[in-house]
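Okay, structure first, notes after.
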Amino acid sequence: MKKDVEYINNYLAGVIKDRVEGGEAEGDGQDLISLFMESCEKDGRVPESDELRDLIMSFVIAGRDTTASLLTWTFYLLSSNKEMMQRARQEARDNEDDYDSMCWTQAMLQEALRLYPSVPLEFKTAREDDTLPCGTFVPAGTRVMYNPFVVLRNPANFDDPNDFKPERWIEEDGACRKYDLQGFSYPAFNAGPRICLGRQMAMMEAKVVVSHLLNELDFDLEPGFVPSTKFTIVLAARHGLRVNATPLE
């Protein structure tokens, strides 16, 4: 582990040094480091190398398996709800590459993430003595666990909490209500000051993948297959997701 971390840090140090000295990335130069550095410049500050390194690690590593988990459970739910799949397919065709306009697809992904949060268990460690809102005293150094999987299925927060209902997120004008407005009752991306930095990019990646695949393929669960959840760092399907993909005519 130490060797791996050292290797990654050395590689990133070289990339960051190149950007700081004015080097450009391949393509149009608008990579994550360049964009973040530009944002810092607008705020009148220069980011530290360690800050840039941690940012890159958060986006590249933290966002890989979590987004894959979201897509796995989304296609499981769609394979069991063909009308919803067809609605998402039609929306993708109507809007082409205008992902911001794909309100139903956004709602569908938010609902899939509510039922199957990519990170089902969360741990926090108290840096200082603290007291929870319920009055429980938490000494410094104590690790506190909470369970997003349970919170997101709490009937006090959501009607019919075990049902896949993307329409719960659709406003009267057809727009998708932002999950951020749910606050701490929707901790799929964490919440408060610890909310996930890459949540918008993760949703965009998921919408791109879903819209392109649904535009070309139909998906059906393998007959008799029922996935079971496996609680690891991310919420995995214990035996994978066995589906048949059929090209559309």
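The values are calculated or read from the model by the stated rules, or taken from the named source; none is laboratory data. Keep in mind that this is a model prediction, so the values were computed, not measured. In this analysis, Cβ positions are derived from the backbone assuming ideal geometry, glycine residues included, and neighbour counts consider all displayed protein chains.
Odds and ends about this structure:
- Note on the stretch 82-117: residues that are polar (S, T, N, Q) and under 20 Å from the mean Cα position of the chain (by Cα) amount to 4.
- Residue in the stretch 139-175 that is farthest from the chain's Cα centre (by Cα), counting only those that are exposed (fewer than 10 other Cβ atoms within 10 Å of the Cβ) and not in a loop (DSSP other than H, G, I, E, B): R143
- Selection of strands (runs of 3 or more DSSP E) fully inside the stretch 187-249 by the criterion of at least 1 residues being within 21 Å of P120 (Cβ to Cβ) and in contact (Cβ under 8 Å) with a residue 40 or more places away in the chain returns 229-231, 235-237.
- Qualifying residue in the stretch 214-226 (condition: surrounded by fewer than 13 Cβ atoms within 10 Å (Cβ to Cβ), over 14 Å from the mean Cα position of the chain (by Cα), of a type in the set (G, A, S) and under 26 Å from M57 (Cα atoms)): no
- Residue match in the stretch 118-138 (condition: over 30 Å from T74 (Cα atoms), under 25 Å from the mean Cα position of the chain (by Cα), of a type outside the set (A, V, I, L, M, F, W, C) and surrounded by 10 or more Cβ atoms within 10 Å (Cβ to Cβ)): yes
For (1) under 26 Å from A13 (Cβ atoms); (2) exposed (fewer than 15 other Cβ atoms within 10 Å of the Cβ); (3) touching a strand residue (DSSP E or B) at 6+ places or on another chain (Cβ under 7 Å), each residue gets a yes or a no:
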| residue | (1), (2), (3) |
| --- | --- |
| L32 | yes, no, no |
| E48 | yes, yes, no |
| L55 | yes, no, no |
| V60 | yes, yes, no |
| S69 | no, no, yes |
| L78 | no, no, yes |
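- Flag for P166 being free of Cβ contacts under 8 Å to residues at least 24 places away in the same chain and under 16 Å from Q182 (Cβ atoms): no
- Unmet requirement for Q182, which otherwise passes all of (1) in a loop (DSSP other than H, G, I, E, B); (2) buried (at least 18 other Cβ atoms within 10 Å of the Cβ); (3) free of Cβ contacts under 8 Å to residues at least 40 places away in the same chain: (1)
Yes/no matrix, rows are residues, columns are (1) hydroxyl-bearing (S, T, Y); (2) in a helix (DSSP H, G or I); (3) touching an Asp or Glu at 6+ places or on another chain (Cβ under 8 Å); (4) at pLDDT 85 or above:
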site: D4; (1), (2), (3), (4): no, yes, no, yes
site: V15; (1), (2), (3), (4): no, yes, no, no
site: V46; (1), (2), (3), (4): no, no, no, no
site: L71; (1), (2), (3), (4): no, yes, no, yes
site: T74; (1), (2), (3), (4): yes, yes, no, yes
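- The single residue among A112, A92 that is farther than 26 Å from F149 by Cα, in contact with a Ser or Thr (Cβ under 9 Å, 6 or more places away or on another chain), surrounded by 14 or more Cβ atoms within 10 Å (Cβ to Cβ) and aliphatic (A, V, I, L, M) turns out to be A92.
- If you go through the stretch 80-89 and keep only what is touching a residue at least 40 places away in the same chain (Cβ under 8 Å) and surrounded by fewer than 23 Cβ atoms within 10 Å (Cβ to Cβ), you end up with S80, N81, M84, M85, R89.
- L235 at pLDDT 90 or above, in contact with a helix residue (DSSP H, G or I) (Cβ under 8 Å, 6 or more places away or on another chain) and among the hydrophobic types (A, V, I, L, M, F, W, C): yes
- The residues of the stretch 95-138 that are in a strand (DSSP E or B) and either over 22 Å from R64 (Cα atoms) or modelled with pLDDT of 95 or more (or both), listed by number, are T125, D130, T131, F137, V138.
- The stretch 169-209, residues that are at pLDDT below 90 and basic (K, R): K178, R194, R199
- Residue match in the stretch 91-114 (condition: out of contact with any Gly (no Cβ under 8 Å at 6 or more places or on another chain), without any contact (Cβ under 8 Å) to a residue 24 or more places away in the chain and of a type in the set (K, R)): no
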